[in-house]
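Working notes for the structure below.
The values are calculated or read from the model by the stated rules, or taken from the named source; none is laboratory data. Note that the coordinates shown come from a computational prediction; the quantities given were computed from them, not determined experimentally. Cβ coordinates were reconstructed from backbone atoms using ideal geometry, including for glycine residues, and neighbour counts include every protein chain displayed. The accessibility values were calculated without ligands, DNA or RNA, using every heavy atom of the protein model including side chains. Shrake-Rupley method; radii C 1.70, N 1.55, O 1.52, S 1.80 Å.
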Amino acid sequence: MKKIVFLIAALVMLAASPMGAQTFNGPELGGSVQCTHQFRDRGFVNVGADLRASLPVAEWSRLRAVVGVNGFIPNGFDRYGYGMVGITAEALPFYVFGDFGLSCNPSGSHTIGLAFEAGVGLSFAITDRWRLYSELAIDRINSGKLWKSTAFVKAGAMYRL
C-alpha cells in the first residue's frame, strides 16, 4: 500500500513540476452520468453520477478531483459513494487517468475504505469554455477485507472558468 501511495504522490509531483509553463491555467468544473456494471453472480447494472474539477498542470497533463455515487437504483447493486484525486496524461483527444481516494459503503462491513480507478477517455472542445468527454474504466474499492470491482462508462461536460 505504501508503494502505491508513493507512486501516486510521485506522479502528482512530476505533473506539477515547473516543466509545464501553463501551471494553474484554466481550472474546469463539470460532471457526468455513468452506467455501471458489477462483476458478481448476476452482473448488476445501475446509473450513477459524479462531479469533478480539473486543473491543467502541463500541456499534456491535468490534476483532477472526482466525487460521486456509482448507483442510485436500489436493485441489489452494491452502491457506494467515493471521493478521489488523480492525474491524466493526454494525447488529444485521448487521455488515460488514474485516481486514488476513499469510498463510503454504508452496506459494507466497514463503512470507509480505499478506492482506486483507472481508465481511458476521449475529450472534445465544443467552444472556448465547454468540453465534452467520455470515459471507460474500472474501479476497485474495499470494505474491510473484501475488494470489489465495478466497470463504468461515463459521459459528461466540463466548463473552464
Checklist outcome for this item: Note on the stretch 64-89: residues crowded, with 20+ Cβ neighbours inside 10 Å and part of a strand (DSSP E or B) are Val66, Gly68, Tyr82, Met84, Gly86, Ile87, Thr88
Checklist outcome for this item: Considering the stretch 118-141, residues that are open to solvent by 50 Å² or more (accessible area, probe 1.4 Å) and among the aromatic types (Phe, Trp, Tyr), and then whichever is farthest from Thr88 (Cα to Cα), we arrive at Trp130
Next on the checklist: I'm trying to understand the selection: among the residues of the stretch 42-63, which are open to solvent by less than 20 Å² (accessible area, probe 1.4 Å) and either without any contact (Cβ under 8 Å) to a residue 12 or more places away in the chain or among the polar types (S, T, N, Q) (or both)?
Outcome noted: Asn46, Ser54, Ser61
Checklist entry - Of the residues in the stretch 94-117, how many are open to solvent by 40 Å² or more (accessible area, probe 1.4 Å) and in a loop (DSSP other than H, G, I, E, B)? => result 5
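In the list Ser143, Ser134, Ser123, which residue meets the criterion of being under 17 Å from Thr36 (Cβ atoms) and in contact (Cβ under 8 Å) with a residue 24 or more places away in the chain?
Numbers: Ser134 fails: in contact (Cβ under 8 Å) with a residue 24 or more places away in the chain; Ser123 fails: under 17 Å from Thr36 (Cβ atoms).
Matching residue, one of Ser143, Ser134, Ser123: Ser143.
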